[in-house]
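The values are calculated or read from the model by the stated rules, or taken from the named source; none is laboratory data. Just so it is clear, the model here is predicted, and its values are computed rather than measured. As a convention, Cβ positions derive from the backbone with ideal geometry for all residues, glycine included, and neighbour counts pool all protein chains shown. Side chains included, ligands, DNA and RNA excluded: accessible areas come from the protein's heavy atoms. Shrake-Rupley method; radii C 1.70, N 1.55, O 1.52, S 1.80 Å.
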Amino acid sequence: MEASDGEEHIRDADRVVAPPNGGMNELLNVGQEDNIQGQMEEFLGPQAEYNEEEEERKYYRRKRLGVIKNVLAASVGAMIVYSVYMGLLQMQLILHYDMTYREVKYSNLGLEDIDRKMLMGINVTPIIGLLYTPVLIRFLGTKWMMFLASGIYALFVSTNYWERYYTLVPSAVAIGVAIVPFWASLGNYITRMAQQYYEYVNYKEEHVQEQKKLPKGACHSYIIIFHSVFHIIFHLSFVFAEFPMRLVLNDYLHESNHILCNVKTCGAAVSGVIPGFNTTVLTRLPRSMLLIQVESVLMGFAFLGMIIFLVLCGAAYRPTEEIDLRSIGWGNIFQLPFKHLRDYRLRLLCPFFIYSGFEVLFAVTGFSLSYGVCILGLKSLWLLIVVYGLSCSVFSSLSLCILRLPRWLCLMSGAAVHFVLLVALLAWSLHIKEPPIKGTWYLGPLIVITVLWGLGTALNKTGVSTLIGMLYAEEKERLDFVYTIYHWWQAIAIFIVYLWSNMPMRAKLSILLATLLVACYCYWVMEHRLARDVRPRLPRIPRPRHKVSKHRQTDR
């Protein structure tokens, strides 16, 4: 009995000794779980060094820098595209004008007829731009419209590798189709960037957080600055467009004694462009390989402009906003540009829109040829255009004065400068009795007139674009419509300039002067109505109609 009791005590002792080891393991597991849970809470909980307000401020600072990057990228991209386009077109027209070049290289093609139809495609096609521009912009989006249009300009460059009727004319028509959408998208994009910059600066405001309409005049200062920056950069396209002319073609041009030997009158007494201009302007024909190399360089820059639009330019609208813009119905999108013409502000600005198209083309084709080349010779054309481009670029910064001065000062100052120059050009005609004339005597006055004309152009172009942005700054859903109307009227002006090429110079100057006076009067009437707080008649934009799929309807 005693032995059996001892064995039971030993078994009980074993049972008592075993539990402490298991208990320790269980305690260790519980301790590890508590430790992991504490680390997770520490990781997921609020950090002592994390400042939410500071991080938010850094986030919106990056957003503001992104907006500035977008404005610079759009400006540089547009400048590159138009530098390539204008430089190639100028070189092409000069080469095709030379009779020897036409007969030796393309004797059976009829380059003169091809050039006429090509210019017709560029100048006539934009007339119908009002019909399709808003639909294209809403369908593709503002950024993708700019990218597609720059691709069409690159297509025009590529067709010059093989100069035939079926390559040059269709590409010229495509450029005519793309002009109005390209410029309407650019104007819309720059104004939208100003609105976005305001939103990122005032991100704490209630109307910004709830995505409501901006207060009146809230983002005007950003619109002025961004449009000024755009035109400062873009107007350099006139400078870079002359590089092919100055670096390549100038060495093959005859001196003015040969080119102007039959020219008897210049300036206001001229009918057409330059009567008596020699049909042989090249001393020798440029090598085909040299022309291919120049076109390849231009093609590379055209692709660079496309890549800038594609990679560096951000979206103009949020994805939900783009969906809302498309969801109002394509029929409404087609009609709304016409309905916006009921707005008295746009109707009264139409003469300024037309004059804005007149004066740039007159500076590049009218004054530079009938005054500049007619007196100085073809070798000085690049100098006049470079001076004009630099003047436009530098003086575009003067539009920043609207930040402190009344906005009418910019447009009226440019109009006053052009009025004086137009009167002076009407009185300036030159009759050459004993050619050759000493063109260098007139180089100084021509440079001065070019600089002053560039001043007026800068104030006019920047002032009109800025004014439209300020008038519709709070109506972001209308921007593509109003900029389409603006650039469509400029396209009408381009067509009129194309038609008047054979008219007397005094008639052209008189049309310019009359348009300028009407534009100034209409602008004064518009500002007077705005001062009296006359409300414009704006068309109602329908509410977005979002389609709901059938399975969602059944779920509801």
Problem - Output for the stretch 77-112, where each listed residue is assigned to a helix (DSSP H, G or I), over 30 Å from Asp480 (Cβ atoms) and touching a residue at least 24 places away in the same chain (Cβ under 8 Å) - result: Gln90, Met91, Gln92, Ile94, Leu95, Tyr97, Met99, Thr100, Tyr101, Val104, Lys105, Leu111
Exercise for the section: Please verify whether the stretch 471-479 includes one or more residues that are in a helix (DSSP H, G or I) and aromatic (Phe, Trp, Tyr). Expected result: no
Practice task
Out of Gly300, Gly272, report the one residue that is free of Cβ contacts under 8 Å to residues at least 40 places away in the same chain, open to solvent by less than 60 Å² (accessible area, probe 1.4 Å) and more than 30 Å from His528 (Cα to Cα).
Solution key: Gly300
Handout entry: Residue check, Gly331 buried (at least 24 other Cβ atoms within 10 Å of the Cβ) and either farther than 20 Å from Phe495 by Cβ or in contact with a Leu (Cβ under 6 Å, 6 or more places away or on another chain) (or both)
Key = no
Exercise for the section: Have a look at Tyr85, Tyr106, Tyr101, Tyr50 and point out the one that is at pLDDT 85 or above and not polar (S, T, N, Q). Expected result: Tyr85
Problem - Where a residue in the stretch 478-506 is within 18 Å of Pro275 (Cα to Cα) and its partner, wherever it lies, is open to solvent by less than 60 Å² (accessible area, probe 1.4 Å) and not in a helix (DSSP H, G or I), with Cβ under 6 Å and at least six apart - result: Asn502/Gly272; Met505/Ala268; Met505/Val270; Arg506/Ala268
Exercise for the section: Looking at (1) open to solvent by 60 Å² or more (accessible area, probe 1.4 Å); (2) touching a residue at least 60 places away in the same chain (Cβ under 8 Å), find the lone condition where Arg404 falls short. Expected result: (2)
Practice task
Consider Ile224 carefully, then state whether it is within 20 Å of the chain's Cα centre (by Cα) and surrounded by fewer than 22 Cβ atoms within 10 Å (Cβ to Cβ).
Solution key: no
Fill in the blank from the handout: Selection from the stretch 257-313 of residues under 15 Å from Gln92 (Cβ atoms), in a loop (DSSP other than H, G, I, E, B) and among the β-branched types (Val, Ile, Thr) yields Val281
Practice task
Inspect all residues belonging to the stretch 483-491 and state whether any of them is in contact with a Gly (Cβ under 8 Å, 6 or more places away or on another chain), at pLDDT below 90 and under 21 Å from Pro539 (Cα atoms).
Solution key: no
Exercise for the section: Could you grab me the full set of residues in the stretch 459-481 that are over 15 Å from the mean Cα position of the chain (by Cα), of a type in the set (A, V, I, L, M, F, W, C) and either under 16 Å from Ser356 (Cβ atoms) or open to solvent by less than 10 Å² (accessible area, probe 1.4 Å) (or both)? Expected result: Leu459, Leu467, Leu471, Ala473, Phe481
Exercise for the section: Identify all residues within the stretch 399-412 that are more than 10 Å from Gly463 (Cα to Cα) and out of contact with any Ser or Thr (no Cβ under 8 Å at 6 or more places or on another chain); write none if there are none. Expected result: Cys401, Arg404, Leu405, Pro406
Exercise for the section: Consider Phe240 carefully, then state whether it is under 12 Å from the mean Cα position of the chain (by Cα), of a type outside the set (S, T, N, Q) and either within 30 Å of Leu381 (Cβ to Cβ) or open to solvent by less than 40 Å² (accessible area, probe 1.4 Å) (or both). Expected result: no
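Let's see how each residue does on (1) of a type in the set (D, E, K, R); (2) open to solvent by 20 Å² or more (accessible area, probe 1.4 Å); (3) out of contact with any Gly (no Cβ under 6 Å at 6 or more places or on another chain); (4) at positive phi:
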{"site": "Leu148", "(1), (2), (3), (4)": "no, yes, yes, no"}
{"site": "Asn160", "(1), (2), (3), (4)": "no, no, yes, no"}
{"site": "Tyr166", "(1), (2), (3), (4)": "no, yes, yes, no"}
{"site": "Ile175", "(1), (2), (3), (4)": "no, no, yes, no"}
{"site": "Val180", "(1), (2), (3), (4)": "no, no, no, no"}
{"site": "Ala184", "(1), (2), (3), (4)": "no, no, yes, no"}
{"site": "Ala194", "(1), (2), (3), (4)": "no, no, yes, no"}
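For every residue, the table says whether it meets (1) at pLDDT below 90; (2) of a type outside the set (A, V, I, L, M, F, W, C); (3) assigned to a loop (DSSP other than H, G, I, E, B).
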{"position": "Asn332", "(1), (2), (3)": "yes, yes, no"}
{"position": "Arg345", "(1), (2), (3)": "no, yes, no"}
{"position": "Pro351", "(1), (2), (3)": "no, yes, no"}
{"position": "Trp382", "(1), (2), (3)": "no, no, no"}
Problem - Odd one out for Thr365 among (1) surrounded by 24 or more Cβ atoms within 10 Å (Cβ to Cβ); (2) closer than 19 Å to Phe495 by Cβ; (3) among the polar types (S, T, N, Q) - result: (1)
Practice task
Take the stretch 383-400 and flag every residue that is open to solvent by less than 10 Å² (accessible area, probe 1.4 Å), over 24 Å from Leu369 (Cβ atoms) and more than 17 Å from the chain's Cα centre (by Cα).
Solution key: Ser399
Practice task
Assess whether Leu509 counts as being of a type in the set (A, V, I, L, M), open to solvent by 10 Å² or more (accessible area, probe 1.4 Å), in contact with a Leu (Cβ under 6 Å, 6 or more places away or on another chain) and part of a helix (DSSP H, G or I).
Solution key: no
Exercise for the section: Please go through the stretch 368-382 and pick out each residue that is in contact with a His (Cβ under 9 Å, 6 or more places away or on another chain) and open to solvent by 10 Å² or more (accessible area, probe 1.4 Å). Expected result: Leu378, Lys379
